[in-house]
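The values are calculated or read from the model by the stated rules, or taken from the named source; none is laboratory data. Everything numeric in this text was worked out from a predicted model, so none of it was measured. Every residue, glycine among them, receives a Cβ derived from its backbone with ideal geometry; neighbour counts consider all protein chains shown. Ligands, DNA and RNA are excluded from the accessible area calculation, which covers all protein heavy atoms including side chains. Shrake-Rupley method; radii C 1.70, N 1.55, O 1.52, S 1.80 Å.
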Amino acid sequence: MVIPPPVRPPRLLNFLKPYVLKMHFTNKFVHAQVIHSPTATVAASASSQEKGLRTSMDITRDVAAASKIGKLLGERILMKDIPAVSVLFKKEQRYHGKVKAVIDSVREAGVKLL
């Protein structure tokens, strides 16, 4: 006899999707990407190294650039119908400066952060 798995409400299933926001900062550029953990694929990404953004930004590594990257990434996440994202901090990252700018911009774009 096979017991079927329990049925969860669809509202809860939207927030159990394992999407992770990872950020990387170099001396020249800001990179952020959302990774789907089970398949290890990049769901959405944004970088200050992209040609379209480099021309509109004076400096590609400061807090203002990080804020623009977060806003662009938030729009791309919503276009792919990803309702919620969890944030993964590296060992040396704190919720301050560029990291805060990226996370706040993604949140303002309408993405739920877990």
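Straightening the chain between S56 and E108 buys 16.6 nm, computed as 0.36 nm per residue apart minus the Cα-Cα spacing. Computed from phi, the 3J(HN,Hα) profile of region 33-43 under the Karplus parametrisation 6.51, -1.76, 1.60 (θ = phi - 60°) reads 8, 10, 10, 8, 4, x, 9, 6, 10, 7, 7 Hz, with x in place of Gly and Pro.
Might you tell me the accessible area per residue for the chain, computed with a 1.4 Å probe and given in Å²? Don't jump to the answer; show the numbers that get you there.
Working: 7630 Å² over 114 residues.
Heavy-atom accessible area per residue stands at 67 Å².
Distances between placed amide hydrogens fall under 5 Å for A44 paired with V34, all partners being 5 or more residues away or on another chain. Around the amide H of Q49, modelled in the peptide plane, lie the amide H atoms of V30, all under 5 Å away and 5 or more residues distant in sequence or on another chain. When peptides 42-48, 92-98 are ranked by their average number of other Cβ atoms within 10 Å per residue, the highest-first order is 42-48, 92-98. Shown here for region 25-88: trypsin sites (Lys or Arg not before Pro) in loop regions (DSSP other than H, G, I, E, B) with at most 13 other Cβ atoms within 10 Å, namely K28, K80.
Rounded to the nearest whole Hz, the Karplus-based 3J(HN,Hα) values (6.51 cos²θ - 1.76 cosθ + 1.60, θ = phi - 60°) of region 80-89 follow the sequence 8, 6, 9, x, 9, 9, 9, 9, 10, 8, with x at glycine and proline. Structure remark: mean-square fluctuation, Gaussian network model of the chain, C-alpha springs under 10 Å; the largest value among D81, D62, D104 belongs to D81. Helix-only mean residue ellipticity at 222 nm, the chain, DSSP H runs n ≥ 4 weighted -39,500 (n - 2.57), per residue, nearest 500. What is it? Calculated from helices alone, the mean residue ellipticity at 222 nm is -9500 deg cm²/dmol. Cross-linked pairs K22/K98; K28/K98; K51/K91; K28/K68; K22/K91: Cα-Cα separations exceed 21 Å for K51/K91. For S86, the residues whose modelled amide H falls within less than 5 Å of its own, excluding neighbours fewer than 5 places apart on the same chain, are Y19, V20, L21, L114. Packing, as the average of other Cβ atoms within 10 Å across residues, places the peptides 20-26, 85-91 in the order 20-26, 85-91, highest first.
How large is the convex hull of the Cα atoms of the chain per residue, expressed in Å³ as a whole number?
Working: hull volume 13.9 nm³, N = 114.
Dividing the Cα hull volume of the chain by its residue count gives 122 Å³.
Coupling constants for region 62-75 follow from the phi torsions by the Karplus curve (6.51 cos²θ - 1.76 cosθ + 1.60, θ = phi - 60°), and in residue order they are 8, 5, 5, 5, 4, 5, 5, 5, x, 5, 5, 5, x, 5 Hz; glycine and proline get x.
Viscosity 0.692 mPa s, temperature 37 °C: what is the translational diffusion coefficient of region 20-80 from Stokes-Einstein with a Kirkwood Rh over Cα pairs, rounded to a whole number of µm²/s? Write out the running numbers ahead of the final one.
Numbers: Rh = 11.8 Å.
Estimated diffusion coefficient is 279 µm²/s.
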